[in-house]
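Just below is one structure, and these are the notes that go with it.
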Amino acid sequence: MNNSIILVAATRLLTSLLLLFSIFMLLRGHNLPGGGFIGGLIGATGFVLYAIAQGAEATRRTLRYEPQNIAMVGLGIALAAGVFAAFFGEAFFTGQWWFAGADPADPDDKGLPISSVLVFDIGVYLVVFGSILTLVLALEEEV
Amino acid sequence: MEILVAIMVGVLVAASVYLMLARNVLRFLFGLILISNAANLIIFASGRLTAEAPPLIPEGADAPLGTVANALPQALVLTAIVIGFGLFAFALTLVYRTYQNLGTLNSDEMRLAEPEEGGK
Amino acid sequence: MAKSSAEVPRVYGGPAGWISVAIPAAIFVWMLQYVGPVSAGNTVLLALDWVPSMDIRLSVLIDGLSLTFALLISGIGALVTLYSTKYLGTHPEYPRFVLFLMMFMVGMLGLVLSDNLIALFVFWEITTISSYLLIGFSSDEAKSRRSALQALLVTGTGGLALLAGMILLGNVAGSFELSVILQQGDMIRAHPLYVPIVILFLAGAFTKSAQFPFHFWLPNAMAAPTPVSAYLHSATMVKAGVYLMARVNPALGDSELWFWTLVIAGGFTTVFASILAVRQTDIKQVLAYTTLMALGALTLFIGTGSPDAIKGMMAFLVVHSLYKAALFLMIGIVDHETGTREADRLRGLGRKMPLTFLGGALAAISMAGIPPFVGFIGKEFLYKAGLGHEQATIWITGTIFAASVLMFVAAGIAVLRPFTGKLADADTPQTPHEGPWAMWIGPIILGVFSLGFGLFPDTVEAWLVAPGTWAVYGDYDYTVDLYLFREVNAAFLLSLATFATGALLYTVHRPMRAWLGRVMEANPIKFDPGWDRVLDGLKALAAWQTGILQSGVLQRYIFTIFATLAIGVGATMYLKDVLNFRVDWAGEFDGLLFKHWAVLVFITAGAILTAITQSRMTAIAALGVVGIGVALIFIMFSAPDVAITQLLVETLVVVLVAVAMLKLPHLGLAKDRKRRPLHAALAGVVGVLVTLVMVAVLQGDIDRRITDYFEVASWPEAYGRNIVNVILVDFRAIDTFGEIAVVVIAALSAYALLRGTRYGNTDDEIEEGRK
């Protein structure tokens, strides 16, 4: 689009920062404000900024993967997280938890919690991220 | 505050209905954005407004301490916002593509699928 | 596709054809194992749950009635598919034909074997649809398409009525299992819903089995290829209605309503169809009308309902399926090898086509009811049942007598005339010659059964007729006895009279046909053109109401939607008296700070400005103000997640609108000016109503049980401290999954919209754009 040097130079840094921040928001989402929806939106915003500064072509190159593929993969991950429970004989979308290094004696020590719920939230993140970029980039290229 | 929010939502809805009745599809689109905001506010306020008590459970506790804001409508509204955005983006591309192909934003002139019968 | 098949004519006599023969043959053999248990008076029940919550099960009921049908369907099915390998084997659409035929067979077998009413209905509709596809098989002919649609609409409408009847019956009986329903006949007959149930069931059965006044579709259905006519329109599908009536006879039968409806409709169809049959010159049409006559007779005797009548009905059902399928196959061979089916043009074919003649003759003798063929037995027992019944004796017996006489004549027209006499009198497009073995074997096998069952009536009695009679009559103690001849009685004398009258009428059938034609011409009521008028009327009605409801003006649609909303909500609020609340204005302003006022004022002002501004940039900015204001409300009232989402989405909305705006023209309000006051009034009303509803909701009590559960369970059960996120990804994860799927679909649709039509509207424009 336009070629403001300041914008072009700043976006590289800003996009990386926003992407990092979006992952931070995603991961803390279960206990504090954040989560897949918000993370995905922040991440997408970063690349929207990049697209405004550098153009859609450059953004696609930086992304490496087609955004619609990212969205579909996200949907697949979310579905897989839901189906996962079925392997343990539980209802579809029942959360499965594994507390890495937790002390069984202390109920408050959860160690490093890894769960199908987190996987699901990552799927949500990818869907939101991919969908928004699909839209914005297609519209950018059109104009 | 809740009654005042209700009155404000009434104004929002009135403005969006007025916009959606316009022939210009871009105005229709603006109406769509406003009415999704209004709908979100209705859901949110129906769960009652609670100031400065977000639905979080503090470290060390098993449940929220004291009364916190109603989490259920918040979850509903959160997804509604994202879906509303999807709807808006689709409608926008539709308006945009329609304008490119038909050369008009006036809904009366978009008669490809339903041609007017017998002249006028 | 079409091109390649024209260049290389493919011949499907081979594997595809043989498989289609092997399946019904295997089913036939499989079903034979049930003959033993069923003839001993047992019923076999098998079940598989399908939708258990709604009492819908794939359950199988094998008793005398369903076994008789299953054997006829699979046995005749095997012969018909064998016949088709030669009849249609070189047709480019042959595989499609086989597919439809197999689909039909599965539907028909499912229909007769289902114990569950809903499953039966599903199979019933499968037969309707596959019959539509088969009648319209020659889809390039307008006549085929019309006939197919007519059959679909008539039987489909009846099917809907049947579904309603089944649901009522299921509710009355407390079960959708036939095996349960059939035990409750007395309770069902006494129920106030009995009359509607009977009417709905009969609407389904009468349309399917082409009973007067729904008879007109069946002769038209002869547009289908001949194997289809032989299979669907004589032996199987049209008998589905008869099957249904026979099946539910223990539950719905034995009442005045049932008796008179079936006896009158069946009797009328019988006489009416046999007269029309004699009138035809196309032999296939003659057979079509005699099929109609047979269906009428079967209906008549189910209605009569005495054990003798049911026995006669079951015997005649088997008899008719055997000879009618054979005759249809025979006329198919004649048509295939000579190029015509006109009775007046065919003479002396017997010398050139001896085996076809043999098959046809065996069937025709059975149809004429001449001993020792099983057709004689069928007719005798119908006479006996008619004479022995107390009510409407003369009507029933007279109907059957007239029908038998005309059947005798029809048998002569269909076989005696074309195959005897001098070949020199024939006027055929092709030189007649014998057909391939796969075609004539079917009529001969069926004919041999007709003769064999006549010579050994005890076998057909023990295997099929007796168990069938028990099932239909609902009494397993009744002794069924079939025999060829025992004494000279009234029925036997009637038979002799039938032969004499039939022979006499046959000799004068050509002048009689001309006379009948003149009489029919004079009749002002014609069903087939009437059908066209009904369809035209429906189309006109549809066009008229579409013109009123669908103006094609978006504005008018939206106006209607909101006006309906306003009226509906307003009326409900008034009627339910929900406006009966008192607002606590003092508490309302309690603790209201400057920030609250500012947000309220900003949002209100932004909304109004968006609505009235002429400038799109102002509108976008005002929308932004509203969006940010809403986010601020979320922040002030403890919804951080929602607020962040709202802010981010708002940013993206502005970006998207700004990008799109570069190419879009200015707003332009001028044209709307005249209607603006009306729009503003409606907008105002809707706005006020929304406020009132919301205030009413806010005055009521709030039910926080779900929220309370989430608050208590969030940490101990789902290990999350952010309750909103836990709801999204754990408690209500399946909802969220649906929602993100919607987001993906919206994005992909928008993407397709932008990319798919990138270069213009037409193919030429796309080509142009690519260069």
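The values are calculated or read from the model by the stated rules, or taken from the named source; none is laboratory data. Since we're looking at a predicted model, the values are computed, not measured. All Cβ positions, glycine included, derive from the backbone under ideal geometry; neighbour counts span all protein chains shown. Accessible surface is based on the protein model in full, side chains and every heavy atom, while ligands, DNA and RNA are left aside. Shrake-Rupley method; radii C 1.70, N 1.55, O 1.52, S 1.80 Å.
Here are the numbers:
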{"item": "Matching residues, the range C:44-88, being hydroxyl-bearing (Ser, Thr, Tyr) and at pLDDT 80 or above", "result": "C:59, C:66, C:68, C:74, C:81, C:83, C:84, C:85, C:87"}
{"item": "Unique residue being open to solvent by 20 Å² or more (accessible area, probe 1.4 Å), facing chain C (nearest Cβ under 7 Å), under 28 Å from residue C:682 (Cα atoms) and not hydrophobic (A, V, I, L, M, F, W, C) when the list is B:62, B:108", "result": "B:108"}
{"item": "Residue B:4 vs. criteria open to solvent by less than 10 Å² (accessible area, probe 1.4 Å) and out of contact with any strand residue (DSSP E or B) (no Cβ under 9 Å at 6 or more places or on another chain)", "result": "no"}
{"item": "Considering residues of the range C:311-321 that are open to solvent by less than 10 Å² (accessible area, probe 1.4 Å) and within 28 Å of the chain's Cα centre (by Cα) only, the residue farthest from residue C:86 (Cα to Cα)", "result": "C:313"}
{"item": "Candidates C:486, C:518 - the one that is under 25 Å from residue C:453 (Cβ atoms) and of a type in the set (Lys, Arg)", "result": "C:486"}
{"item": "Failed condition for residue C:255, given (1) of a type in the set (Ser, Thr, Tyr); (2) closer than 22 Å to residue C:317 by Cβ; (3) open to solvent by less than 30 Å² (accessible area, probe 1.4 Å); (4) in contact (Cβ under 8 Å) with a residue 60 or more places away in the chain", "result": "(2)"}
{"item": "Residues that are open to solvent by 10 Å² or more (accessible area, probe 1.4 Å) and either touching a residue at least 12 places away in the same chain (Cβ under 8 Å) or part of a helix (DSSP H, G or I) (or both), drawn from the range C:635-648", "result": "C:635, C:636, C:640, C:644, C:647, C:648"}
{"item": "Filtered residues of the range B:38-60 (kept if touching a Phe, Trp or Tyr at 6+ places or on another chain (Cβ under 8 Å) and in a helix (DSSP H, G or I))", "result": "B:44"}
{"item": "Residue list for the range A:67-98, filter: at the interface with another protein chain (Cβ under 10 Å from one of its Cβ atoms) and either in contact with a strand residue (DSSP E or B) (Cβ under 6 Å, 6 or more places away or on another chain) or assigned to a loop (DSSP other than H, G, I, E, B) (or both)", "result": "A:91, A:92, A:93, A:94, A:95, A:97"}
{"item": "Single match in B:23, B:27 (criterion: at the interface with chain C (Cβ under 7 Å from one of its Cβ atoms) and in contact with a strand residue (DSSP E or B) (Cβ under 6 Å, 6 or more places away or on another chain))", "result": "B:23"}
{"item": "Which listed residue, of C:142, C:161, C:151, is within 13 Å of the chain's Cα centre (by Cα), hydrophobic (A, V, I, L, M, F, W, C) and open to solvent by 10 Å² or more (accessible area, probe 1.4 Å)", "result": "C:161"}
{"item": "Matching residues, the range B:65-98, being open to solvent by less than 20 Å² (accessible area, probe 1.4 Å), more than 15 Å from residue C:633 (Cβ to Cβ) and outside any helix (DSSP H, G or I)", "result": "B:68"}
{"item": "Breaking point among (1) open to solvent by less than 50 Å² (accessible area, probe 1.4 Å); (2) outside any loop (DSSP other than H, G, I, E, B); (3) closer than 30 Å to residue C:252 by Cα, for residue C:450", "result": "(3)"}
{"item": "Answer residue from the range C:741-758, given it is within 8 Å of chain B (Cβ to nearest Cβ) and open to solvent by less than 30 Å² (accessible area, probe 1.4 Å) and is nearest to residue C:644 (Cα to Cα) among those", "result": "C:743"}
{"item": "Close pairs (9 angstrom Cβ cut-off, 6 or more residues apart or separate chains): over 19 Å from residue A:114 (Cα atoms) and at pLDDT below 90 in the range A:14-26, open to solvent by 70 Å² or more (accessible area, probe 1.4 Å) and not in a helix (DSSP H, G or I) anywhere", "result": "none"}
{"item": "Residues that are surrounded by 24 or more Cβ atoms within 10 Å (Cβ to Cβ) and not hydrophobic (A, V, I, L, M, F, W, C), drawn from the range C:258-279", "result": "C:266, C:267, C:269, C:270, C:274"}
{"item": "Among (1) open to solvent by 10 Å² or more (accessible area, probe 1.4 Å); (2) more than 7 Å from every other protein chain (Cβ to nearest Cβ); (3) not aromatic (Phe, Trp, Tyr), the one test that residue B:47 misses", "result": "(1)"}
{"item": "Matching residues, the range C:544-565, being of a type in the set (A, V, I, L, M), part of a helix (DSSP H, G or I) and under 19 Å from residue B:32 (Cβ atoms)", "result": "C:554, C:558, C:561, C:563, C:565"}
{"item": "All positions within the range C:528-551 that are at pLDDT below 85, out of contact with any helix residue (DSSP H, G or I) (no Cβ under 9 Å at 6 or more places or on another chain) and either closer than 27 Å to residue C:146 by Cβ or open to solvent by less than 100 Å² (accessible area, probe 1.4 Å) (or both)", "result": "C:529, C:530, C:546, C:547"}
